[in-house]
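Chemist: A single structure is presented below for examination.
The values are calculated or read from the model by the stated rules, or taken from the named source; none is laboratory data. Quick caveat: nothing in here was measured; it's all calculated off a predicted structure. All Cβ positions, even for glycine, are placed from backbone atoms using ideal geometry, and neighbour counts span all protein chains on display.
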Amino acid sequence: MIVNRKKFLKTLGLVSVATLALPSKNIFGQTKTSRSNSTTDKSSSVIVLGGGLSGLYAANLLKKKGIQTLIVEASSRLGGRIMSVTNPSDQSVYDLGGEWIGDFHSLTRKLVNNLGLTLVRPNWNGSQSLWDINKFSLKSKENLEKLIEYQSKIPSNQIEGLDKISLFRYLRYQGFSDMELDELDLVVKSFYGESSKNISSYALLSSIESKKSLFQNFYKVEGGTQQIISKLANNLDSTDIILSDKAVSVSQSKDGVLVTLSSGRRLRANELICTLPAPAVSEIKFEPGLPREKIYGLLRIGYGRIHKEIVELNKPLLSPEKGEGIIDWILPNTDKVATLQITEGRAIALENSNSEIAEGLLNKSLGVQSAKSFLSLGQNREGFGTGAVSIYSPSTYGIKAELSSSVGPVHFAGEHLGEVPGTMEAAISSAILAVRKIS
Ligand SMILES: Cc1cc2nc3c(=O)[nH]c(=O)nc-3n(C[C@H](O)[C@H](O)[C@H](O)COP(=O)(O)OP(=O)(O)OC[C@H]3O[C@@H](n4cnc5c(N)ncnc54)[C@H](O)[C@@H]3O)c2cc1C
């Protein structure tokens, strides 16, 4: 029987860990967090725009340096693209955003460890991967290894050439079969929310190199990734956090920066770290305006779409299965509860559908397996933005360096600017680089 989503949520009160973990909007006692028309000036040493992983980690690093910091977050919750939800009936926790941490994501693993959290392997029967290397011929396996190796040693004058073509076309040229290309594409979509047809070969090969653990072995945070966010926020007891107020303009003067929020409130600081995703940066009015090349760069970064739904299945599922219809993957959490992963335009179609249509689409795609109940459909994903991870399409080489450069006292960070874009590792590494620039 399909339980009506609204009824289910009402009965079980599915809530996000964020809501549970954060006491009130006035979390740290010093700051008004509600939208008000206050125009009070507030001074701080560094203003951090964005209360996702990158912003919170930057604020933690600044606090360690003894620098007074103020975080501005547009939505009513912290975490951005990280969100865990708890089913209060059994306290089980599921991730709707950032989840998987690879063997080689050393910064993330270190952070998880330092915060006293535990990493666990997914509870899958035998397999630790979505990547079935046995689907590849011996020659293709060797070729892929060689290409990954090649991109890391490629002379700089050849990088732009490799960057101009998509990985899909490049591998086809290298002799990969259609079946092999489709296999690779399904895994690429699950991590980038976008086809390898639309991602630069150079960007994707270098990302696969550093992400390769994601293709083979991965972990997740026991009890949900949102715990990283809660712990980072709890470390900031002396730091202000403003929620539910959006930065709309950033002006520079000889004394530093002045940030105006949508409520009209004005904040002053010596320096600023902007951790917002590219589309959100381009919405801010900078005074003086950002350099033209930076604006072009912001507009050229794309965002892949990944949508996750948590469902209770009719039949137990022990290992990941490829989906049908609009579903890319069905990933078991427990033997009865699974995460449905939907990507690209199908994710947009689902998000634009009302819950009745969405439920119908998902159930048709699940076929005989069908859902007993939908646990997260309709969950408010405020702060998620419209894209899951940044995409460097063909001919974008050089953009990251341009976007990472500071403009006076304004520094830039966020997932799209870190090492291994598309991951929490990137959000953390970009924060480290930005904090190093603070004088
Ligand atoms: C569905 C999904 C699945 C994912 N899976 C994985 C995975 O398995 N492994 C992995 O490593 N990564 C994964 N990621 C990516 C990972 O979650 C992100 O890389 C990371 O969380 C990004 O952190 P961030 O701080 O850079 O950006 P965000 O989390 O986007 O933070 C930016 C914040 O800025 C706020 N904001 C926007 N505009 C303004 C404004 N004008 N003023 C103030 N605040 C503003 C937003 O509300 C947001 O909270 C996934 C992401 C999604 C969405």
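Chemist: Mind listing whichever residues of the stretch 306-361 are closer than 16 Å to Val85 by Cα and surrounded by fewer than 16 Cβ atoms within 10 Å (Cβ to Cβ)?
Modeler: Residue satisfying the conditions is Thr334 alone.
Chemist: Any residue at all in the stretch 17-24 that is at pLDDT below 80, of a type outside the set (Gly, Ala, Ser) and farther than 27 Å from Arg265 by Cα?
Modeler: Yes: one or more hits.
Chemist: When you scan the stretch 325-332, do you find a residue that is over 22 Å from the mean Cα position of the chain (by Cα) and under 24 Å from Gly98 (Cβ atoms), even just one?
Modeler: Applying the first criterion (over 22 Å from the mean Cα position of the chain (by Cα)) to the stretch 325-332 yields 325.
Filter once more, so that each one left must be under 24 Å from Gly98 (Cβ atoms): none.
No, the conditions are met nowhere in the stretch 325-332.
Chemist: Which of the residues spanning the stretch 158-195 are part of a loop (DSSP other than H, G, I, E, B) and within 12 Å of Asn143 (Cβ to Cβ)?
Modeler: Gln174, Gly175, Phe176, Ser177
Chemist: Only one of (1) more than 30 Å from Thr86 (Cβ to Cβ); (2) not assigned by TED's automatic domain parsing to the domain that holds Gln252 fails for Gly378. Which number is that?
Modeler: Of the numbered conditions (1) more than 30 Å from Thr86 (Cβ to Cβ); (2) not assigned by TED's automatic domain parsing to the domain that holds Gln252, the odd one out for Gly378 is (1).
Chemist: Looking only at residues in the stretch 379-430 that are β-branched (Val, Ile, Thr) and within 30 Å of Glu359 (Cβ to Cβ), which one is surrounded by the most Cβ atoms within 10 Å (Cβ to Cβ)?
Modeler: Of all residues in the stretch 379-430, those β-branched (Val, Ile, Thr) come to 386, 389, 391, 396, 399, 407, 410, 420, 423, 428.
Retained after the next criterion (residues that are within 30 Å of Glu359 (Cβ to Cβ)): 386, 389, 391.
Details: Thr386: 12, Val389: 22, Ile391: 24.
Selected residue: Ile391.
Chemist: Check every one of the strands (runs of 3 or more DSSP E) wholly within the stretch 45-104 and list those with 3 or more residues that are under 21 Å from Glu419 (Cβ atoms).
Modeler: Passing ranges: none, list empty.
Chemist: Among the numbered criteria (1) modelled with pLDDT of 95 or more; (2) polar (S, T, N, Q); (3) surrounded by 16 or more Cβ atoms within 10 Å (Cβ to Cβ), which single criterion is violated by Ser262?
Modeler: Result: Ser262 fails condition (3) only.
Chemist: Enumerate the pairs (first residue in the stretch 329-350 and touching a residue at least 40 places away in the same chain (Cβ under 8 Å); second residue anywhere and surrounded by 19 or more Cβ atoms within 10 Å (Cβ to Cβ) and part of a helix (DSSP H, G or I)) with beta-carbon separation below 7 Å, excluding pairs fewer than 6 apart on the same chain, so at least 6 apart or on different chains.
Modeler: Once the first residue is touching a residue at least 40 places away in the same chain (Cβ under 8 Å) and sits in the stretch 329-350, its partners that are surrounded by 19 or more Cβ atoms within 10 Å (Cβ to Cβ) and part of a helix (DSSP H, G or I) give Trp329/Ser190; Gln341/Ser190; Thr343/Lys189; Thr343/Ser190; Glu344/Lys189; Leu350/Ala358.
Chemist: Restricting to the stretch 216-271, give me the number of residues that are assigned to a helix (DSSP H, G or I) and of a type in the set (S, T, N, Q).
Modeler: 5
Chemist: If you don't mind, another one. What tally of residues in the stretch 282-316 results from selecting those that are of a type outside the set (Ser, Thr, Tyr), more than 14 Å from the ligand (Cβ to nearest atom) and not in a strand (DSSP E or B)?
Modeler: 14
Chemist: Could we say that Ala280 is crowded, with 21+ Cβ neighbours inside 10 Å and either among the aliphatic types (A, V, I, L, M) or touching a residue at least 40 places away in the same chain (Cβ under 8 Å) (or both) here? Steps first, please.
Modeler: Numbers: crowded, with 21+ Cβ neighbours inside 10 Å: no; either among the aliphatic types (A, V, I, L, M) or touching a residue at least 40 places away in the same chain (Cβ under 8 Å) (or both): yes.
In short, no.
Chemist: Sticking with this structure for a sec: Of all residues in the stretch 144-202, which are loosely packed, with under 13 Cβ neighbours inside 10 Å and at positive phi?
Modeler: Matches in the stretch 144-202: Gly175 only.
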